[in-house]
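Below you'll find the structure, written out as structure tokens, and then a few comments.
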Amino acid sequence: MNARRRHSALVLGRVETREDATVNLFRDSLRDIERVRHPGRGREVDMDDLRTRFPRALQVVEGVLQSRLTNFFETVDDLSDLLDAANEREDGAVDI
Amino acid sequence: MTEAQQTWREPDADLVRRAMSRLGDLQHRRVFYEKLENPLWVDALDREGVFDSPPELVVNEDGTAHSAPWPEGGYLIRMASSVPGPVARILQRTCTSTNPYVRQLILRAAMALPPDHAAPFAKPLAQYLEEGSLAHAREVVDLAERLAESGKRKAAMRLLQGAFRPRAGEEAAGLGGKRTVKTGLERYWFEDGLPDAVRILVAVQPEKALTTLVSWLEAFMTASGEYVPGRLYDLSHIWRPSIAPHEQNQGSEELGDALIDAVRDLGVRDVLGGRDVADVVEVFERNGQPLSQRIALHVLAVTSPDTDAARDVGFERLLMPALMDSDYRHEYASLARAILPLASEEQVEAWAGVFDAGPHLDDEKLAEAAEHRKLEGETLEDSKVRYREVWRLKLLSAISRDGLPPRYVDELASLEERYGVMDHAEFPSYSTSWVGPTSPVTEEDLMSYGVADLIEYLRTWRPGRPEPWDPSKEGLARALQAVVAKRSEELSAAAAAFADLEPTYVRALFSGLSDALKNGEPVVWEDLLVLAASVAVREDDGSEVSGSMDEDLVWRFAQRSMAALIEQGTRESDYGIPGPQLVRAVDALEPLVSHADPTVEHEERYGGSNMDPLTLSLNTTRPAAMRALIRVAARAKEIAEEEQAADASEEVVSRVLALVDARLQPEKDPSLAEAAALGEGFGRLVWVDRGWTEERLSLLLSADAFGDVIGSTALATYQPSRVLLEVLSPWARMVLERVARGEDVVAGWRRDRGPVEVLGDHLMMLRLWDAIPPDDELLTLYFEQAPLEARAKVLGHLGWLLGRSDDVPEGPLRRAMDFLDTRVVRVRRGDTDPQELDGFYWWARSAKFPPEWWLPRLEEAVRAPGFNPRGMLGEVLEESASLAPASVARILEQLLIHGRNEPFGRYDLIEHAPGILAIAYESGDGDAVAAADRVMDLLGRAGHVEIGDEVSARRQRE
């Protein structure tokens, strides 16, 4: 099973051969973490960039794993919070 | 950015990524995208590639196809009116999708987009229509209308052509199969949407709408193969006899009929609206199809009373010889009726000239037609004259007297005198229905005949014409049977008078008397049994009968009716065969016991996979006689016991047993239909003489199909009884050994339960009533050797039976529970497969057992992978949840896991899940809560995202 299939099985819960935005996001985040875990001898590490990207990557991986491993409705609650933020208006109002 | 968009907050990349990271599960996507309202997320998500991979159609192994939903697409549709540009841009990228679900979404989006953005989707949508992806999408007509109203005529026309223009489908298989015709919308929506489509066409292209519609009808005729270009012939006069609405129009060509109606109405509207009549007619006549020509004639007929121009053009058509042909007749006659009464003398003369020159066939064709119709002894020249006169009669009759010039009214009368009145002459063919057979005399009239007159009438009446709807002997026999049933006493007493009548009427007499007995009417047996004996010896070699169905050509049907009458006469009744006359009944049946019917050939042809032996035994003579004979013996013994005079039955019983014996040895009757009759009489034979029967068990219950049919028919037709099972037990043991070796058992009566299952049913029922002990040898053997599926069905069937029974005493219920427990113990020990408990849901549902007993057993049963409660458990589980919340929640969990592919059963469980889960959560029991959590997760991930709210609502309520 290639990496894409493995990642899709983990992220989506099924083997998917086509591109999927969440699988791609997870794969990119994992790659960022792996790069820090195994720094290349000749590769420069930009510490400022690292400080920004590493927590973001961790957050994505954590989000994906939580959605898969915790109860379905716990993630629904999280999504509800995210929707509140997404549906916010400039004046701070939220469409219900 | 519009004013409305300005109030929404632009999403930041971090929030978008956080949301995406939580959207791995399809159902989480549904939850999120269904509630995402901010249109500014469209571009933000697009930048992340969220809309790049709409789901594709997945073809399953069995050839069916399914598609995953696309919640992201649903969000796009909702945003289409707010941010039409980005939505249209994104959806244009997905237009190549072959997934019908995505294509539907594109249609819905196009409906929501402003016309400028929607118009470019017309081309792909028309393609989807042609490929059948939007066959039920009536909305395409609404979209076409919206586009037309916005001046997007080309786009509107593309959609209408895609939806309504017919094209050739596949060749239908089988004899006479014709080509199917496809349209973008399926039949119902096609017919529903066509009137709107016509309205849009008229709005978009007022002058060309009729041309477009006619071209669709032309395309239908060509695609269906109804019209072959160049032949100038079609079959429309058969499937659409009248262009105007008429009861003769069968509506068999749904598409064609709908198009004809639309074309016809638009043609009339155009003419009455002032359009040049010649132009309109030219549109119809351009393609040369007879159907279009007929519609043109109809339009002219309808509009000629109001339009001079229509009258002039119509009169020109009346003078066209080809249109006097029968294929155009209905519309031609209608036009003639409308115009000829208003025509000038010159015009009438001109028409007469054309009519008088008819029929318009060249000499060769006229000779061919006359030759084909020549009567016996008629010369060809005479036949030609007659052909010409009949042709004139048909056309004049079709036009009718009201429309004809006076001199032709006289000719019509004279022709009718010679050839008869032509009903429905305006149609080349006319459909009507008839129910038969028909009697030459009504039942009421036949009732009034005295016996002598009745017999004389039956003896002398002969059918006249051979048409199916004309009176026949079978029709008369049916009336006679009804009369006999009402005058049974009188006509049974006069049975001797029927002796010389044909078999059709003798059968009717016996059948009518059987009906009378069933209705409690009196029958006099003495002369009747004499007649029966004389009928029994009528010759019939059992060979197959072919030819007329209007009368009995052989005696076996009357003989079978006689056997059935005697069988009916052995049932307890005031008018049954008196004891002293039973021996006469044996006399009558004796010749039939060795009747040739059924022959081996007959049984091979109609038995086997066609008819089971028991059904065949009801429709053949020898088995019918055997069935009646055994009943006669049983009746004799019954009467003897009632009268406490054993001697009274001795002669009848000994003769019957000797006749049965003769079918078993020295040479056994090979007929399985006969075996079925013996199986149906097996219990009676045991009762009449158990010793005699047991001495012949090796002959009756042999290890072959004959023995199987007797044994299985006996089990299927008798209630469980200890005596019956005792006598059958050697055969039952043998059957169990055979099925254990994988051999089949032949069923005498094929129904939903096979012989092995019915044997199990008898055993279980006897155990319940304590007629056999718990360790009965045959019962034990059954559960050791019967196939797993049969054992499971027997246990399930018992639960079903108990559920349907009222007031079952405690004892049988206790024994049922004890027996089931012995099986559960064996399952636990691994001695038997858990699937043996597959039918246990019937026990749970029966309401005869306490939940404390069935719940733990059900929990064990549901672990078997094949356990399928078929939607029977939801209610009882919810009712019992408060007694054992953890157990019920765990059962629900197992059922949901194993029943993923059982939509009906799943629906039942999901209906009752909120109640079960609410009780589990409220119980405070840790196991129950954990199981409920697992069930909630299962349901949420399966798409039941509302279950959380439903459980909360239930908890608040309770």
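Can you confirm whether A:L79 is more than 9 Å from every other protein chain (Cβ to nearest Cβ) and in a helix (DSSP H, G or I)?
no
Might you check whether a residue that is touching a Pro at 6+ places or on another chain (Cβ under 9 Å), buried (at least 17 other Cβ atoms within 10 Å of the Cβ), modelled with pLDDT under 95 and not assigned by TED's automatic domain parsing to the domain that holds B:L255 occurs anywhere in the stretch B:138-151?
no
Examine the stretch B:560-573 for a residue that is buried (at least 21 other Cβ atoms within 10 Å of the Cβ) and of a type in the set (S, T, Y), and state whether such a residue exists.
yes
To keep it simple, each residue is scored yes or no on (1) surrounded by 17 or more Cβ atoms within 10 Å (Cβ to Cβ); (2) over 30 Å from A:L69 (Cβ atoms); (3) of a type outside the set (K, R).
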| position | (1), (2), (3) |
| --- | --- |
| B:V16 | yes, no, yes |
| B:F32 | yes, no, yes |
| B:A44 | yes, no, yes |
| B:E48 | yes, no, yes |
| B:L57 | no, yes, yes |
| B:G73 | yes, no, yes |
| B:R78 | yes, yes, no |
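Within the stretch B:322-357, track down each residue that is among the basic types (K, R) and within 20 Å of B:G288 (Cα to Cα). Break it down stepwise before answering.
Quick first cut of the stretch B:322-357, residues among the basic types (K, R) only: B:329, B:337.
Result: B:R329, single match.
Determine which single condition B:L858 fails, assuming it passes every other condition in (1) over 22 Å from B:A931 (Cβ atoms); (2) modelled with pLDDT of 95 or more.
(1)
Can you report the number of residues in the stretch B:898-918 which are within 14 Å of B:H944 (Cβ to Cβ), over 32 Å from the mean Cα position of the chain (by Cα) and of a type in the set (A, V, I, L, M, F, W, C)?
3
Can you list the helices (runs of 4 or more DSSP H) found entirely within the stretch B:166-269 that contain at least 3 residues being under 18 Å from B:V141 (Cβ atoms)?
In the stretch B:166-269, the matching helices (runs of 4 or more DSSP H) lie at B:187-204, B:209-223.
With the requirement that a residue be under 12 Å from A:D20 (Cβ atoms) and part of a helix (DSSP H, G or I), what does the stretch B:11-58 give you?
Selection gives B:M20, B:L26, B:R29.
Does at least one position in the stretch B:808-818 carry a residue that is surrounded by fewer than 23 Cβ atoms within 10 Å (Cβ to Cβ) and within 30 Å of B:H66 (Cα to Cα)?
No, there is no match, as no residue in the stretch B:808-818 is surrounded by fewer than 23 Cβ atoms within 10 Å (Cβ to Cβ) and within 30 Å of B:H66 (Cα to Cα).
If you take just the helices (runs of 4 or more DSSP H) that sit entirely in the stretch B:809-871, which of them hold at least 1 residues that are over 41 Å from the mean Cα position of the chain (by Cα)?
Per the criteria, B:810-829, B:851-861.
Among the residues of the stretch B:837-884, write down those that are farther than 19 Å from B:H912 by Cα and of a type in the set (K, R).
B:K848, B:R857, B:R863
Considering only the stretch B:267-293, state which residues are under 22 Å from B:L235 (Cβ atoms) and either among the acidic types (D, E) or more than 46 Å from the chain's Cα centre (by Cα) (or both).
Once the filter is applied, which keeps residues that are under 22 Å from B:L235 (Cβ atoms) and either among the acidic types (D, E) or more than 46 Å from the chain's Cα centre (by Cα) (or both), the stretch B:267-293 yields only B:E285.
Any chance the stretch B:68-82 includes a residue that's polar (S, T, N, Q) and more than 9 Å from chain A (Cβ to nearest Cβ)? Explain how you work it out, then say what you get.
To start, the set of residues in the stretch B:68-82 that are polar (S, T, N, Q) comprises B:81-82.
Now drop any that are not more than 9 Å from chain A (Cβ to nearest Cβ), which leaves B:81-82.
Yes, the stretch B:68-82 contains at least one residue that is polar (S, T, N, Q) and more than 9 Å from chain A (Cβ to nearest Cβ).
Among the residues of the stretch B:903-948, how many are more than 10 Å from every other protein chain (Cβ to nearest Cβ) and either in contact (Cβ under 8 Å) with a residue 60 or more places away in the chain or not basic (K, R) (or both)?
Of the residues in that region, 32 qualify.
Given the conditions (1) surrounded by fewer than 19 Cβ atoms within 10 Å (Cβ to Cβ); (2) within 28 Å of B:S439 (Cα to Cα), report the number of the one that B:D587 does not fulfil.
(2)
State all residues of the stretch B:704-752 that are assigned to a loop (DSSP other than H, G, I, E, B) and within 23 Å of B:S671 (Cα to Cα); if no residue qualifies, say none.
Selection gives B:D704, B:Y718, B:E743, B:D744, B:V745, B:V746, B:A747, B:G748, B:W749, B:R750, B:R751.
If you check B:R941 against the conditions, is it more than 15 Å from B:S882 (Cα to Cα), modelled with pLDDT of 95 or more and either touching a Pro at 6+ places or on another chain (Cβ under 8 Å) or surrounded by fewer than 22 Cβ atoms within 10 Å (Cβ to Cβ) (or both)?
no
Filter the stretch B:84-137 down to the residues that are of a type in the set (S, T, N, Q) and surrounded by fewer than 17 Cβ atoms within 10 Å (Cβ to Cβ) and list them by number.
If the condition is that a residue be of a type in the set (S, T, N, Q) and surrounded by fewer than 17 Cβ atoms within 10 Å (Cβ to Cβ), then B:Q92, B:T96, B:T98, B:Q127 are the ones that fit.
Which residues, counting only those in the stretch B:877-892, are crowded, with 20+ Cβ neighbours inside 10 Å and of a type in the set (D, E, K, R)?
Listed by number, the residues that qualify are B:E878, B:R890.
Taking the condition of being over 39 Å from the mean Cα position of the chain (by Cα) and either closer than 21 Å to B:G274 by Cβ or of a type in the set (F, W, Y) (or both), how many residues in the stretch B:194-238 meet it?
11
Please go through the stretch B:26-47 and give me each residue that is out of contact with any strand residue (DSSP E or B) (no Cβ under 9 Å at 6 or more places or on another chain), at the interface with chain A (Cβ under 7 Å from one of its Cβ atoms) and within 23 Å of B:G85 (Cβ to Cβ), ordered by number.
B:L36, the sole residue that qualifies.
Specify which of the listed residues (A:R18, A:R37, A:R56, A:R4) is at pLDDT below 90, within 12 Å of chain B (Cβ to nearest Cβ) and either under 19 Å from the mean Cα position of the chain (by Cα) or under 22 Å from B:V16 (Cα atoms) (or both).
None of the other options fit; the residue is A:R18.
Does any residue in the stretch B:405-424 that is in contact (Cβ under 8 Å) with a residue 24 or more places away in the chain come within less than 6 Å, Cβ to Cβ, of a residue that is among the small types (G, A, S) six or more places away or on a different chain, and which pairs are these?
B:M422/B:S397
Considering only helices (runs of 4 or more DSSP H) fully contained in the stretch B:288-384, which possess at least 3 residues that are exposed (fewer than 14 other Cβ atoms within 10 Å of the Cβ)?
B:345-356, B:363-372
The values are calculated or read from the model by the stated rules, or taken from the named source; none is laboratory data. The structure presented is a predicted model; accordingly, all values stated were derived computationally and were not measured. Ideal geometry is used to build each Cβ from the backbone, glycine not excepted, and the neighbour counts take in all protein chains shown.
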